[in-house]
Each structure stands twice: as structure tokens, then as C-alpha cells.
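Participant: Below is one structure. I have some questions about it.
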Number of protein chains: 2
Amino acid sequence: MSITQNFTTPISSSSSAFLAPSSFNSRGGHVSLPVKSLGICKCVATPQEAETAYKTRVIRNPNMGKLQAGYLFPEIARRRNAHLLKYPDAKVISLGIGDTTEPIPEVITDAMSKRSYALSTIEGYSGYGAEQGEKPLRRAIASTFYNELGIEEDDIFVSDGAKCDISRLQIVFGSDVKMAVQDPSYPAYVDSSVIMGQTGFYQKDVQKFANIEYMRCTPENGFFPDLSSISRPDIIFFCSPNNPTGAAATRKQLTQLVQFAKDNGSIVIHDSAYAMYISGDNPRSIFEIPGAKEVAIETSSFSKYAGFTGVRLGWTVIPKQLLFSDGFPVAKDFNRIVCTCFNGASNISQAGGLACLSPEGLKAMRDVVGFYKENTNIIVETFDSLGFKVYGGKDAPYVWVHFPGRSSWDVFSEILEKTHVVTTPGSGFGPGGEGFVRVSAFGHRENILEACRRFKQLYK
Amino acid sequence: MSITQNFTTPISSSSSAFLAPSSFNSRGGHVSLPVKSLGICKCVATPQEAETAYKTRVIRNPNMGKLQAGYLFPEIARRRNAHLLKYPDAKVISLGIGDTTEPIPEVITDAMSKRSYALSTIEGYSGYGAEQGEKPLRRAIASTFYNELGIEEDDIFVSDGAKCDISRLQIVFGSDVKMAVQDPSYPAYVDSSVIMGQTGFYQKDVQKFANIEYMRCTPENGFFPDLSSISRPDIIFFCSPNNPTGAAATRKQLTQLVQFAKDNGSIVIHDSAYAMYISGDNPRSIFEIPGAKEVAIETSSFSKYAGFTGVRLGWTVIPKQLLFSDGFPVAKDFNRIVCTCFNGASNISQAGGLACLSPEGLKAMRDVVGFYKENTNIIVETFDSLGFKVYGGKDAPYVWVHFPGRSSWDVFSEILEKTHVVTTPGSGFGPGGEGFVRVSAFGHRENILEACRRFKQLYK
């Protein structure tokens, strides 16, 4: 096998981002893109080199080889870049990856800026922080989001983002556990499970990995899985409000989920990264459900509230009541991972997080969330007026549009080709997403309005 | 088994930090400590609760159970806290964990502060960055540290620190590889290997994990292992300048290491986090050695140059020439991990990193490094004058002091008890560290001088 083959054939079987590295701004909400960053891989060796190339004797991790496609969002960035190469003058609007676009409120950046300056003074300098996060921030997270829910500050682990914590949780659980995920779901759950060796091979016919329980979530079941049909999983990833469907679980549904976990001795990892988008009285935290502390972990993030997608700050709650089968606390193993494989989130980001939770910061975050929720309404109304079945939106910044009977990659391509708007194909979130497209509400208002005008043009 | 047992017996077999959480400042260079943070674990259940406590049916990851002690540095923080409880008025000086103490130069914090503010403007806002790091920073790292070494910007992966990248590399390699580490060495190498399931159980008699090759580094062999006695490893962790011994490998030694890797088809992970501390002309990068690009990865960090231990920024170099046995590029799998399990370093930290590599930033970093190197000289001279054999120091911020025939935990305790100075026991870095104590040169000048006065008092 030549190196050329190695670099060209796996374009779709590994990360395409490596082949077409996205530049600094390429995923932002900006309309223009630095075209010069579009990559023809510089590292393709000539055949002659390839034949004589030195190879180590280290065997590639077979779990890495199981991964089927580039991680979804770099793949979308790659297609977006290819589109720009084809239409260099196109005004591309990105409603794909779910990247925040609105500036961070000043009350928050002010705190980060001050912390930066303080680091150049003897009094204000700090080096390694506690790996679990700064105490005042842990305390503020506990009191802001878990007040009266029995979650204490030492149950909170501050992180550099929910995605990173998902992988750290997978390291804690190791390779001998069986996962269940909602189908469709955020791809990091399945991919990290594959990487850790928890799954079998990808089965092309059903578009699923062996040894993962895919819990189908459809309009028919209100996007809540039929738990009676699920064989016992060890770990259940459950995202509410859901990415991509936008559905928020009701109190009754979450109670059912907690009961299912308790009956089966399973652990629920509740991803609540969009909780502030909930409009009604659906639970913001799984710990609102009695008994959840014995069966659940919750992971969350400042990304979609404060525009911290680039600042990197999140947290994970692991109640001390959550125990492995031998009685060992899950939090102790997670803490060991945090101490050994991580060194805490940036102290500057943590200063920003603390400002987010001040009264002014909370108001500012609510304003940001409110702005994106107005965007959501505009998108929902647009597809509604065009006669599409539209889901989500009410409690989440994602609109889940049904294109029955069509391939979602085809719809993605059609929309990109004809409107220059980037969306996300539903099948990228699992086979249950086929026939849907996710439209993100993260965008400047004028871009949302312009995208909706183009949708109306295309589907009138 | 009751919960009480679960929480009390594993104090030394899991992370002690969870039981005695260190507070925000507890690892800083400050002399005073918030005593109220000293932890008696709040989560010890009463025996009655323990008997009725709900346990999930999820089996604890057996690899986590193999870990023997709390990660070294939280363990030291715990002992330091216990000491403060005993001597609440003691002026404790911390020369233990290797945490930077000097303020970050203003040219660097200024850039971070500006970036923070920019994030609150429409023009300056950015969300998700490229997972691999911002292009200008990758370019600056390549040109600053690898100029004319054939390392290109797309070989550079920006990270939130070398420790985090070590774990990400372990995820890439998976469980079916055999590691070799210098003995003594930075504990994250061995611990992450255990966590990933690459090792057997801990063998108490030899104080080693099965299936790791411990490459003894002693004064006798100039702290460079006898490679002829090593059975073939897949992965070789090699740290130069070394933590903890302070030894920097010569060009001849590194050439030998690269040749050994090439002969065996092994991959060297070269940890060069202290490279700027090198005084003479020993190589700063393994890529100065011809052929290294086919067998080596290099991981590094801004922590010890710019005081970024809390800001979190590092990088890893994976040359595109480095191939698994099947010809697949290691960089492509690492990229997949970076995209799936990580979302890039904080954009504010990256702005700081870019400022570090400006002409003013480089000068400022050299000044910081120079300051710590003066500290090193003071410590070396002190122990030298007391008749101890002293190693390291010349090319590293660590002084490796020999106490022949003594237990290094005993010496650690003696020094702490009698001088209120925290050091690090050599055996915490592996059995080869027994009989040594590592003294870190990271400290305010007055603390270094005071610690040395106390050492002279104790060992006169």
C-alpha cells in the first residue's frame, strides 16, 4: 500500500479536517472565507517516496479504524469549503455547525480581561488551579443551576467544555460497558464510544455500530424512546433539550428515564447544554427528578449561553451518591481522570464563567439566549409557511425540518447548491435522522432573514 | 462492603484530591493557605446509609482499579494541607509541584486582555476555532521552534497543555501497545498507560506495573538508559530536559535514541516542555536529529516559559512522515481524536501564545526562564555546600538531590516537618527515584532564599 493511497482513500474514513484544514475563521458566522486556506493536502508523498517510506512497527489502534466518517462537523466544513471553491463569490451563510455568532456580553469579557491583566501582577498571578475548577465558580454553578436540588459544590467538575468531558467520562467507563444513545444524537457520544473500544464494527446495512443501543426518537414517539424495547445498557446518553431534534423531555418522560435506569442499574449521562433555551416548565436538570442522583451524571456548558464556543468552559455534575456495582463512587474515578489527564480549564475562562453567573451576567446570558430564540422563531415560521413539518425550536436553538422520503445529504447538498446556506444533514446524527435537516438558529439576524428568504425562494 | 469502607480504604488507592479538595490557591506559590478548605470528606455515608445505598450495576473499569496511589501532585497537596493543619502558623514554602510563581509578562497578558475585549465586538468575535489551533499560532510555533527542521505548520497541533496531549496520544494508541518510560519519570506517562489498559497489575515488590518497560536513569549512566537492555517497546516516553532529574540528553544520546526507535520500529514521544531551560548546545527538539520525523512525536508547552500553568496552552508535533505499521499516518488518527474528544484551546489563551512568540514576547519569556535559572543556581549551590550530590539544574528548573540509602518519602517528611518546605519525593516518579528528592526552582526569590537558609539550618 502506498502512502498516496493512505492519504487519499481515507478522506471519508478519517478526518477530513486534516486534509482540508479549516482556518481560524472558517467556522465562524462570517460570510466571507479565506479561500487560500482551502487545502490540497501538502503531505501527499510521491509514489517513489511512498514505496521507500519508513513505517514503524506500531500497529494502528483497531478502534480508530472502525470509525466510518470524518467527525460530522469537520466534514461539513470541508463541503462548505469545497462549495466556496466552486462559487468564490457566493454569500455563504452557515446555519450548520451550531456555532455561536453574537458577541460575548461586556460584563463577561470585562472579567476575563481583568483576570488577564491580573496575571501580570504578583498579587493577581495564579498558576495551576485545582483540576476540578476554582471553588467560587463551582459554588456559583451549584447555587445557580442546582439550588435546592441537593447538588453541592464538590459534585461539580469545571471543564473546558461538554464535548471534552464526554470523552473523559468514556475513559472512566473503559471498554467493557454497553452504551445506549438517542437516535438521532450528537455524534460525539457514538464516536467516543467507538474510540474507547466499547463497540463492534460498523454495520453498513443498518448504519449502526454493533453493541450500541440506538434508541429511536421520531415525531411518532414525541422524540422520546420506547424504553420497553431497549435491552439493558450500562450507560445511557440522553440530551435534553435535544441536539439535533430540539425536543425537550417532559418531567414525566425524565421520570420514566430515571426509573428505567434504576430498574436496570444503568447510568444516565444527561447532556443539558441547551437547558437555558427551555421556554416552559420542562426540567432544566435531570436532578429535578427524585432519585436521579443515584443514577445520573449531568454535563453542561457555557458555550451556547454566553458565546463561549471558543473560550471553552463547561462543567459536569457527578453526585457522590452515584456508585459502581461494587459501591465505589463514580466521582472518585472521574476525579482521578481529571487530575491525571487534564489540568483544569483556563483560569481566564473561569473568570468569565464566574461573571456569567453574576446577576448582570445571568441577565446578559438570558438576552443572548433570547436573541437566538427569536432567530429560531423566524426559521420555524419560514418552514412552516412552506408546508414543511417542523420540530424543535421551542426549547432549543435547533429546528428539525422533515423532508420525508429524501436523503438528508441530498437535501443538504440541494440547499447548499441552490441557496448557499450550510445546514446539517440529519443522517449525520444517526440513521434515525435520515429524511431530516437540522437548521441552526445561531447567526446574525440579517443572515437568518436572508437565509429564510432564500429558503422561501427555493421551496416556494 | 459498606460505603464507609469504600470511602476510607481507597484514600491511597485513588485520588486523594477528592477527599481533600485543594482550593483555588492551594497550589500557588503563596505562603498562606485557606485552612478552611482542608477536607474531611463530606461524602462519607453513615454505616446505616451505606447498607441501604443504591448501587448501579455498572462495573468499575478494572484499569482504574489498578492505579496505586493518588496522582502524585494532589497527594503532595494533601500532605501539605495536613501539615498546615498541624502547624497553622508555619510559613510553608512550596518547592514541590513545579508550579510557576512569577507574573506573566505584560506583553502577553495585554494580548489576552485585548482578545477578551474583542470577543464582545461583532468584528472581533469568534466561536469555535479550528480544533488543531489557530493558523497564525501554528505557523509561529513552527517557525520559532522548528525553523529549518522540516516541521510545517500543519504538523503542529495546539492544545490546552502537554499533560492533556499525553492522554490524547494514549487514546490514539489504545490498549494493545507496550510503553517504555524513563525511571524516574513524570507520573502522567505511567498513569495514563495504566488507565488505557496497556499494563498489567502493579507489582508491589518491584514497585512497577507489569508490561511497562522502566528504563533506569541514574547518575551512573548519566541519566540516559542502557538501551541495549530494553526489550522492544512500541512507544517510548522520553523527557528532555528531564523532569525530575533535570538531565538534558546530548545530541549523541538523542541520536542513539532515534536509532534505537528506528531499529525497533518504535515511536518516541519526546516531552520537551523545558527545552528553553537548556544552557549549552544540547538539542532543544528531537527533530534536530536526522530521521527523527519518521519515529518521533514532540509535545511541549508554554507553561514553564510564560507562566501559563493556569492559562493552559501547549502543542504537539506529529510529522506527517510518522506512520503506523500499515502505513497509516499517526497524525491523521491524532487529528481525529482532537476533533472528536477536544475542541481546541481557549481562543484567549491562543492569543497569549501568539504574543509569546513575538520578538518582545520571546525576550520576556527568556527573562522569566532566566529568573528561574538563577533560582536553580541558588538551590544547587546550597545543597552543594552542604555536601550533597546534586544533579540537574543546569538545563532544567529542577534540582535532583541525592540522599543515598534513605527513603525519599522520609526525606520529604523530614524536610517538611523541620523546615516547612514542600519538595517532591523522588520515588513518586518511579522506583528509580528512590533516595532522591526533587527541589523545584519555581518560587519567588525571597522564598527560594528563605528555603535555602532553612535547608542549611537542617543539614549543616
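Participant: When the residues of the stretch A:180-203 are narrowed to those that are of a type in the set (A, V, I, L, M, F, W, C) and within 20 Å of A:T245 (Cα to Cα), which ends up nearest to the chain's Cα centre (by Cα)?
Facilitator: The residue in question is A:A188.
Participant: Also: Quick one: in the stretch A:285-301, of everything that is buried (at least 21 other Cβ atoms within 10 Å of the Cβ) and part of a loop (DSSP other than H, G, I, E, B), which residue is farthest from the other protein chains (Cβ to nearest Cβ)?
Facilitator: Filtering first and then ranking leaves A:I289.
Participant: Now a separate question. Against the definition (modelled with pLDDT of 95 or more and either within 14 Å of chain A (Cβ to nearest Cβ) or farther than 30 Å from B:R60 by Cβ (or both)), how does B:K208 come out, yes or no?
Facilitator: Criteria not met by B:K208.
Participant: Is it fair to say B:G129 is surrounded by fewer than 19 Cβ atoms within 10 Å (Cβ to Cβ) and either small (G, A, S) or not in a loop (DSSP other than H, G, I, E, B) (or both)?
Facilitator: Taking the combined requirement at face value, the residue does not satisfy it.
Participant: Scan the stretch B:117-129 for residues that are farther than 14 Å from B:L354 by Cβ and within 28 Å of the chain's Cα centre (by Cα) and jot them down.
Facilitator: B:Y128
Participant: Do we have any residue at all in the stretch B:248-259 that's in a loop (DSSP other than H, G, I, E, B), among the hydroxyl-bearing types (S, T, Y) and in contact with a strand residue (DSSP E or B) (Cβ under 7 Å, 6 or more places away or on another chain)?
Facilitator: no
Participant: Let me ask another. (1) touching a residue at least 12 places away in the same chain (Cβ under 8 Å); (2) within 14 Å of chain A (Cβ to nearest Cβ); (3) not hydroxyl-bearing (S, T, Y): which one isn't true of B:D271, the others all being true?
Facilitator: (2) is the only condition that B:D271 fails.
Participant: So which of B:D263, B:D281, B:D326 is within 14 Å of chain A (Cβ to nearest Cβ) and in a loop (DSSP other than H, G, I, E, B)?
Facilitator: B:D326
Participant: Do we have B:P431 as touching a residue at least 40 places away in the same chain (Cβ under 8 Å) and under 20 Å from B:E102 (Cβ atoms) here?
Facilitator: no
Participant: I've got another one for you. Residue by residue through the stretch B:206-220, note down the ones that are under 22 Å from B:N264 (Cα atoms) and free of Cβ contacts under 8 Å to residues at least 24 places away in the same chain.
Facilitator: Scanning the stretch B:206-220 gives a single hit, B:A210.
Participant: Looking at A:G314, A:G310, which one is within 7 Å of another protein chain (Cβ to nearest Cβ) and of a type outside the set (S, T, Y)?
Facilitator: That would be A:G310, the only listed residue that is within 7 Å of another protein chain (Cβ to nearest Cβ) and of a type outside the set (S, T, Y).
Participant: Just to check your reading of the model, which residue among A:S159, A:S167, A:S94 is buried (at least 21 other Cβ atoms within 10 Å of the Cβ), facing chain B (nearest Cβ under 8 Å), among the small types (G, A, S) and within 21 Å of the chain's Cα centre (by Cα)? Before the answer, list the steps.
Facilitator: Values: A:S159 fails: facing chain B (nearest Cβ under 8 Å); A:S94 fails: facing chain B (nearest Cβ under 8 Å).
Answer to the selection: A:S167.
Participant: Still on this structure, I have one more. Give, as residue ranges, the strands (runs of 3 or more DSSP E) completely inside the stretch B:142-229 that count at least 3 residues that are within 26 Å of A:E131 (Cα to Cα) and not aromatic (F, W, Y).
Facilitator: B:156-159, B:179-183
Participant: Whether any residue in the stretch B:99-113 is in the same structural domain as B:H270 (by TED's automatic domain parsing), among the charged types (D, E, K, R), surrounded by fewer than 24 Cβ atoms within 10 Å (Cβ to Cβ) and in contact with a strand residue (DSSP E or B) (Cβ under 8 Å, 6 or more places away or on another chain) is what I want to check.
Facilitator: Looking through the stretch B:99-113, none of the residues is in the same structural domain as B:H270 (by TED's automatic domain parsing), among the charged types (D, E, K, R), surrounded by fewer than 24 Cβ atoms within 10 Å (Cβ to Cβ) and in contact with a strand residue (DSSP E or B) (Cβ under 8 Å, 6 or more places away or on another chain).
Participant: Considering the stretch A:339-370 alone, what residues qualify as being farther than 30 Å from A:S126 by Cα and either among the acidic types (D, E) or within 13 Å of another protein chain (Cβ to nearest Cβ) (or both)? So that I can check it myself, show each step before the final result.
Facilitator: Filtering the stretch A:339-370 for residues farther than 30 Å from A:S126 by Cα gives A:366-370.
Listed by number, the residues that qualify are A:D367, A:V368.
Participant: Confirm whether B:K304 is crowded, with 24+ Cβ neighbours inside 10 Å and in a helix (DSSP H, G or I). Steps first, please.
Facilitator: On the way: crowded, with 24+ Cβ neighbours inside 10 Å: yes; in a helix (DSSP H, G or I): yes.
Yes.
Residues checked against (1) within 22 Å of A:Y214 (Cβ to Cβ); (2) more than 22 Å from the chain's Cα centre (by Cα):
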site	(1), (2)
A:S358	no, yes
A:F371	no, no
A:W400	yes, no
A:T423	no, no
A:V437	yes, no
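Participant: A follow-up question, please. Of (1) out of contact with any helix residue (DSSP H, G or I) (no Cβ under 8 Å at 6 or more places or on another chain); (2) assigned to a loop (DSSP other than H, G, I, E, B); (3) crowded, with 24+ Cβ neighbours inside 10 Å, B:P244 satisfies all except one. Which?
Facilitator: (1)
Participant: While we're here: Starting from the stretch B:126-148, take each residue that is within 7 Å of chain A (Cβ to nearest Cβ) and closer than 17 Å to B:F287 by Cβ and list its partners that are assigned to a helix (DSSP H, G or I) and of a type outside the set (A, V, I, L, M, F, W, C), counting only C-beta distances under 9 angstrom and pairs at least six apart or across chains.
Facilitator: none
Participant: Something else: Can you tell me how many residues within the stretch B:388-412 are surrounded by fewer than 22 Cβ atoms within 10 Å (Cβ to Cβ), out of contact with any strand residue (DSSP E or B) (no Cβ under 8 Å at 6 or more places or on another chain) and either of a type in the set (D, E) or in contact (Cβ under 8 Å) with a residue 60 or more places away in the chain (or both)?
Facilitator: Looking only at that region, the number is 2.
Participant: Go through (1) in contact with an Asp or Glu (Cβ under 6 Å, 6 or more places away or on another chain); (2) under 18 Å from A:D191 (Cβ atoms); (3) surrounded by fewer than 24 Cβ atoms within 10 Å (Cβ to Cβ) one by one and return the number of the condition A:E213 breaks.
Facilitator: Of everything listed in (1) in contact with an Asp or Glu (Cβ under 6 Å, 6 or more places away or on another chain); (2) under 18 Å from A:D191 (Cβ atoms); (3) surrounded by fewer than 24 Cβ atoms within 10 Å (Cβ to Cβ), A:E213 misses just condition (1).
Participant: Can you tell me how many residues within the stretch A:228-241 are farther than 19 Å from A:N211 by Cβ and surrounded by fewer than 24 Cβ atoms within 10 Å (Cβ to Cβ)?
Facilitator: 1
The values are calculated or read from the model by the stated rules, or taken from the named source; none is laboratory data. Note that this is a predicted model, so its numbers are computed, not measured. Neighbour counts are summed over all protein chains in view; Cβ atoms, including those assigned to glycine, are modelled from backbone coordinates with ideal geometry.
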